[in-house]
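Just below is one structure, and these are the notes that go with it.
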Amino acid sequence: MEITIEILTNDDLLMLQVLLEKCSDYLTFQDEEPVKLSEAQDLFKARPDGVVDKDKVIFGIFNDQKQLVGVFDLIKSFSGQRTLSLGLMLIDPVSRRQGIGNKAYNLLEEWAIYKQFNKVRLGVLFGNEKGLRFWKSMGYTSTEEVRTQMRPNLSKQVMVFEKSIGVSDTK
């Protein structure tokens, strides 16, 4: 199966909202509430304090029929100058367990290396055993950091993982 990733824009809000509603199993677990009607719009707006629009990237994951089957939410250089922070990766439940996540992540990593990032960091929610297995299988290792989710009023904590990619900064 052919997979592509493309940067999404506000023109893609409706398509993204449909995907996010299909992924309500994970989003309800993450947010501790049902998926909102503004979920796609909120995803475009969500960013840590001090992060500007140009440093926020949302990639759509498309199958060979050009259907949106997943999404990556990224922040450039938030945790370090050449570090990409992966805030969210979702795959449509119907498309899971078909290798789409692996293929899409490999494309994302190629893009990140092309853009000269040398590390990717992400958080895995406690209790997300499938996500934990996936990220470990992709070569991520624990930093031993535990953090509370960035959004207010959420009780879940995340384990921070990272992976070095591309060329190292060491001289």
- What's the extension gain from D55 to L13 if we count 0.36 nm per residue and subtract their Cα-Cα distance? 13.2 nm
- Message: How charged is the neighbourhood of M138? Take every other residue with its Cβ under 14 Å from the Cβ of M138, and add Lys/Arg as +1 and Asp/Glu as -1.
- Response: +4
- Task: Within the range 30-113, report the trypsin sites (Lys or Arg not before Pro) that DSSP leaves as loop and that have at most 11 other Cβ atoms within 10 Å.
- Result: K66, R97
- Between E129 and Q65, what FRET efficiency comes out of the Förster formula 1/(1 + (r/R0)^6) with R0 = 30 Å and r the beta carbon distance, rounded to 0.05? 0.50
- Which far-off residues, 5 or more places away or on another chain, put their amide H under 5 Å from the one on G87, with H placed in the peptide plane? D73, L74, I75
- Task: Using DSSP, restrict attention to beta bridges with both residues in the chain and report what percent are antiparallel, rounded to the nearest 5.
- Result: 90
- Among rounded, prolate and oblate, which fits the range 4-118 when a ≥ b ≥ c are the square roots of the eigenvalues of its C-alpha gyration tensor, a/c under 1.5 means rounded, and a/b larger than b/c means prolate? oblate
- Query: Which far-off residues, 5 or more places away or on another chain, put their amide H under 5 Å from the one on I165, with H placed in the peptide plane?
  - Reply: K119, V120
- Cut-off 18 Å (backbone N to label point 7 Å along Cα→Cβ of K156), residues of the range 97-125: 122-125
- In terms of the alpha carbon gyration tensor, root eigenvalues a ≥ b ≥ c, rounded if a/c is under 1.5 and otherwise prolate when a/b exceeds b/c or oblate, the range 1-59 is oblate
- Task: Would you mind computing, in nm to one decimal, how far apart the modelled labels at V94 and E6 are, each placed 7 Å from Cα along Cα→Cβ?
- Result: 1.9
- Query: Which distance in nm do the two modelled labels at E110 and K45 give, with both placed 7 Å along the Cα-to-Cβ direction?
  - Reply: 3.5
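Here, each number is a calculation from the coordinates, and none is a lab measurement. Predicted, not measured: the structure shown is a model, and the values here were computed from it. Every residue, glycine among them, receives a Cβ derived from its backbone with ideal geometry; neighbour counts consider all protein chains shown.
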